[in-house]
1. Which of (1) out of contact with any helix residue (DSSP H, G or I) (no Cβ under 9 Å at 6 or more places or on another chain); (2) surrounded by fewer than 20 Cβ atoms within 10 Å (Cβ to Cβ) does Glu312 not meet, given it meets every other one?
2. Check Tyr109 against each of (1) in contact with a helix residue (DSSP H, G or I) (Cβ under 9 Å, 6 or more places away or on another chain); (2) under 26 Å from Gly235 (Cβ atoms); (3) of a type in the set (Ser, Thr, Tyr) and name the one condition it does not meet.
3. Of these, Lys157, Lys66, Lys106, which one is over 25 Å from Tyr37 (Cα atoms), surrounded by fewer than 17 Cβ atoms within 10 Å (Cβ to Cβ), out of contact with any His (no Cβ under 6 Å at 6 or more places or on another chain) and at pLDDT 95 or above?
4. Six or more apart or on different chains, Cβ under 6 Å: which pairs go from a residue in the range 250-277 that's touching a residue at least 60 places away in the same chain (Cβ under 8 Å) to one that's surrounded by 17 or more Cβ atoms within 10 Å (Cβ to Cβ) and among the charged types (D, E, K, R)? Could you list them?
5. Can you tell me which condition Met181 does not meet? The list is (1) outside any helix (DSSP H, G or I); (2) of a type outside the set (Lys, Arg); (3) buried (at least 21 other Cβ atoms within 10 Å of the Cβ), and all the others hold.
6. Tell me whether the range 218-228 contains one or more residues that are surrounded by 18 or more Cβ atoms within 10 Å (Cβ to Cβ), in a loop (DSSP other than H, G, I, E, B) and under 24 Å from the mean Cα position of the chain (by Cα).
7. Residue by residue through the range 129-165, note down the ones that are part of a loop (DSSP other than H, G, I, E, B) and farther than 14 Å from Lys53 by Cα.
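The values are calculated or read from the model by the stated rules, or taken from the named source; none is laboratory data. Keep in mind it's a predicted model, so treat the numbers as computed, not measured. With ideal geometry, Cβ positions are generated from the backbone for all residues, glycine too; neighbour counts draw on all protein chains shown.
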Amino acid sequence: MTKKLIIAILALCTILTTSQAVLAKEKSQTVTIKNNYSVYIKKEKRDKPDNKKQISETLKVPLKPKKVVVFDMGALDTITALGAEKSVIGIPKAKNALSLLPNNVKSVYKAKRYQDVGSLFEPNFEAIARMQPDVVFLGARMASVDNIEKLKEAAPKAALVYAGVDSKKVFDKGVAERVTMLGKIFDQNKKAKTFNKDIAQAVLKLQKTIEKKGKPTALFVMANSGELLTQSPSGRFGWIFSVGGFKAVNENEKLSSHGTPVSYEYIAEKNPNYLFVLDRGATIGQGASSKELFNNDVIKATDAVKNKRVHEVDGKDWYINSGGSRVTLRMIKDVQNFVDNR
C-alpha cells in the first residue's frame, strides 16, 4: 500500500469519524427554554375568564429537531422564514386550515409530505401517535388541559412547547421573544436577530409617523356575520394603540374573546379619526359582511369615512397567523402604508 493511499484512507476515516461525532452531538444536544402559558380548563367554556390554568415550566428541547408538529400558524411562518420547514412533518389541514395560511406559507405546506394533524382547535391524536414527533408546538386555540394530556399520551417523548405570543406582553416584545426562542431551537439565532431588528425598525418608523400626525384617535372593529364588535385596546389587536401610538376612543372597554357588540350610533358617537376593520366572516370562509355593514348613513357621517380613513386589514394575517416574523412585519407595514397616504 502506497504512502499516498494510506494518507487518503486515514483522512477519509477522520472525516467519517468527525461527521459521525457531529451528528451524534446534534442528536444529543438540547436547548433550555421557559415554557409559560395558559390553557383552557374546559374547551366548551373558552369565553369564560375563570376557565384558564397557568402552566410555568422549564423545558429541554432537542436542538434542530427532525420531526416537528406545529399548531400555531404564527410559529409556522417563523419556522419557514428560518429555513427549517424540512423539520416540520405535520400541520393542521382539517376544516380548511390550510386555506387560512398566507400564500407564501401555504405554497410550502400544501405538499403531501406535510401530514394533517387535525384542525386549529382539535388535534388528530391518532395521526400524531403514528408520527411520534420530537416537538409539538402548541397554539392558543388548541391549548386545553384535555388536549395537552392526550398529546402526552400520543407522543410521550415529544417536548410540548407553547409557540403563541404571550398576550400579557406588549405585542412586538412578545413576538421578538417567540422568534428568539424558535431561532434558538432551530440553531438560527442570527436570522432570528435580523427578523427582530427589522420588526423593531418598522415599529419605530410607525411610532414616529403617528407622533407627527398628532396621535390621532382610532377604533378597531370586527365584522362578524352581520354584527359589529369593537375590540378592546388591551386585546389581540390593541398593539396599534400600545405600540403604534394611536389613541383609542374606547380605552375603557373590557377585554373579551371576540369583542363587544355595538351599534352604528356608538361608532358615530366615538367618531374616530381612523377606523380599522377585520372581516372575520370573510377570513374564515363564512361570508363577507364588512362592506354591507359600513354602507350605512350613520357611519358615513363619521370623520374616518368622510376622510377615507377606513382600512380593512388582512384577516389571515391579523386573526389567524398573527405572531409570525414575516406576518408581523407585514402587519406593521400595512398600517404604515395606510397612514402614510391618509
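1. (1)
2. All conditions pass for Tyr109, except number (2).
3. Numbers: Lys157 fails: over 25 Å from Tyr37 (Cα atoms); Lys66 fails: over 25 Å from Tyr37 (Cα atoms).
When all the criteria are applied, what remains is Lys106.
4. Tyr274/Arg309
5. (1)
6. In the first step, residues of the range 218-228 are kept if they are surrounded by 18 or more Cβ atoms within 10 Å (Cβ to Cβ); the result is 218-224, 228.
Filter once more, so that each one left must be in a loop (DSSP other than H, G, I, E, B): none.
No.
7. Kept after step one, since they are part of a loop (DSSP other than H, G, I, E, B), are these residues of the range 129-165: 132-134, 139, 143, 155-158, 163-165.
Within the range 129-165, Gln132, Pro133, Asp134, Gly139, Ala155, Pro156, Lys157, Ala158, Ala163, Gly164, Val165 qualify.
Conditions (1) closer than 30 Å to Leu206 by Cα; (2) within 19 Å of the chain's Cα centre (by Cα), marked per residue:
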{"site": "Asp77", "(1), (2)": "yes, yes"}
{"site": "Val105", "(1), (2)": "yes, yes"}
{"site": "Val117", "(1), (2)": "no, yes"}
{"site": "Val136", "(1), (2)": "no, yes"}
{"site": "Met142", "(1), (2)": "no, yes"}
{"site": "Asn147", "(1), (2)": "no, no"}
{"site": "Leu151", "(1), (2)": "no, no"}
{"site": "Leu160", "(1), (2)": "no, yes"}
